[in-house]
Amino acid sequence: MHEHDHDDGGLAQDLKLLGASMERRTLLRFALGASLLPLIGCGGSDSGTGTPGDGSCSKIPTETAGPYPGDGSNGPNVLTESGIVRGDIRSSVGTATGTAAGIPLTVTLTLVNASGTCEPLQGYAIYLWHCDREGRYSLYSSGVTNQNYLRGVQETDANGKLTFTTIFPACYSGRWPHIHFEIYPALASATKAGNKIAVSQLALPKAACDEVYATTGYSASVSNLRQVSLSSDNVFSDGSDSQLATVTGNTTDGYVATLTVAIAV
């Protein structure tokens, strides 16, 4: 006899059984759907803790801007330089003429709203900066105080995305390889540190670092990387899941780093 081939309880019992069956099917569809969602930060197209518009993302931690921000908070302010709004940040702007050498790296950030449904945030500005192949920061470090390369500002598009063309940064003593960025509510306000609404850092995965640091010019990074880990780094030691970029590529063609950045607005 089949499950429903009975008349005990009549229509009321049949409706109860039908409802339970439909509930089981709904739960099954939900479970299957959830299993197909990309594992952001674990093989998804963008690292981070959420996908734009999917309704679930965690706010990226606030991190120090460090001693070399170049945003006017402790000396030089590159944000007022003509030409600082650009995609390719490998060369200096203004009167400086230097270009940073190194393995090419494309950085794509996707800005989303952690207070909403992780919808893309259009029209925001991100100022991004990092050290060069030798571990030096332009404007501050000996030998490059007259340079302002590896610093730039971009505006997010309708998908919350922006892209920088740069070089793979070094690993200097005491820090895991990383990239700094500050977020501003609009391009017009990205002129001084006091206007920023968020600041954080992006971490680079060890596998890509090992490949890059085996190439010419990065020799000091090899020993520096051996002496630090994500768990011992003074910025990432409290957790780096939402800050560890997904990186693809090779030393011949260059690398691409992607990260979804969620902020509360």
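Mind running the shape call on region 40-263? Use the C-alpha gyration tensor, a ≥ b ≥ c as the square roots of the eigenvalues: rounded below 1.5 for a/c, prolate if a/b tops b/c, oblate otherwise. It comes out oblate by the Cα gyration axes. 3J(HN,Hα) couplings calculated from phi for region 104-111 with the Karplus curve 6.51 cos²θ - 1.76 cosθ + 1.60 (θ = phi - 60°) are, in sequence order, x, 9, 9, 10, 10, 10, 10, 8 Hz; Gly and Pro show x. Summing +1 for each Lys or Arg and -1 for each Asp or Glu among the other residues whose beta-carbon sits under 12 angstrom from that of Thr166 gives +2.
Which net charge results for the neighbourhood of Gln154, defined as the other residues with beta-carbon distances under 13 angstrom from its beta-carbon, given Lys and Arg at +1 and Asp and Glu at -1? Result for the local shell: -1.
Our coupling estimate for region 219-227, obtained by passing each phi through the Karplus curve with A = 6.51, B = -1.76, C = 1.60 and θ = phi - 60°, is 4, 5, 5, 4, 5, 5, 5, 5, 9 Hz, Gly and Pro reported as x. Evaluating 6.51 cos²θ - 1.76 cosθ + 1.60 at θ = phi - 60° for every residue in region 60-73, the Karplus couplings come out as 5, x, 7, 10, 5, 6, x, x, 10, x, x, 10, x, 6 Hz, glycine and proline recorded as x. Note on Ser173 and Ala101: their simple-model spin labels are 2.3 nm apart, each label 7 Å out from Cα toward Cβ.
If you add up the charges near Val85, with Lys and Arg at +1 and Asp and Glu at -1, over every other residue whose beta carbon is less than 13 angstrom from its beta carbon, what do you get? Around Val85, the surrounding residues sum to -1.
The distance linking region 121-197 with region 226-240 is 21 Å (Cα centroid to Cα centroid, whole angstrom).
Where a number appears in this text, it was derived from the coordinates with a stated rule and is not lab data. In this text, all values refer to a predicted model and were calculated from it rather than measured experimentally. Because the Cβ atoms are built from the backbone with ideal geometry, glycine has one as well, and the counts that use them run over all protein chains shown.
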